[in-house]
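Only one structure is covered here, and it is reproduced in the block below.
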Amino acid sequence: MSFKEASRMFLRELTKSGTITVSYYKDGTLQTCKGRVHNLNLHQQILSVKDENEAVVSLQLSDIKSIH
């Protein structure tokens, strides 16, 4: 499976529920972001979430603790 195919598969699964809540570590502190998936780049290992204020938060997949 190519990166592009894997990216599409993960993106479809993440967008099924609409709004997601992501718990992630930033500077050693657990943070939470709630919004919709904006982009998923598996090659660079980045998930971008657009919050309710339309701000885009880009997260390293390795920093993510959970997605609900």
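Quick check, is LEU14 in contact (Cβ under 8 Å) with a residue 24 or more places away in the chain, open to solvent by less than 70 Å² (accessible area, probe 1.4 Å) and outside any strand (DSSP E or B)? Considered against the rule, which asks whether it is in contact (Cβ under 8 Å) with a residue 24 or more places away in the chain, open to solvent by less than 70 Å² (accessible area, probe 1.4 Å) and outside any strand (DSSP E or B), LEU14 comes out as yes.
Provide a single number: the residues in the range 25-65 that are assigned to a strand (DSSP E or B) and either aliphatic (A, V, I, L, M) or surrounded by fewer than 10 Cβ atoms within 10 Å (Cβ to Cβ) (or both). Number satisfying all stated conditions: 11.
The values are calculated or read from the model by the stated rules, or taken from the named source; none is laboratory data. Just so it is clear, the model here is predicted, and its values are computed rather than measured. Every residue, glycine among them, receives a Cβ derived from its backbone with ideal geometry; neighbour counts consider all protein chains shown. Quick note on the areas: whole protein, heavy atoms, side chains included, nothing else; ligands and nucleic acids left out. Shrake-Rupley method; radii C 1.70, N 1.55, O 1.52, S 1.80 Å.
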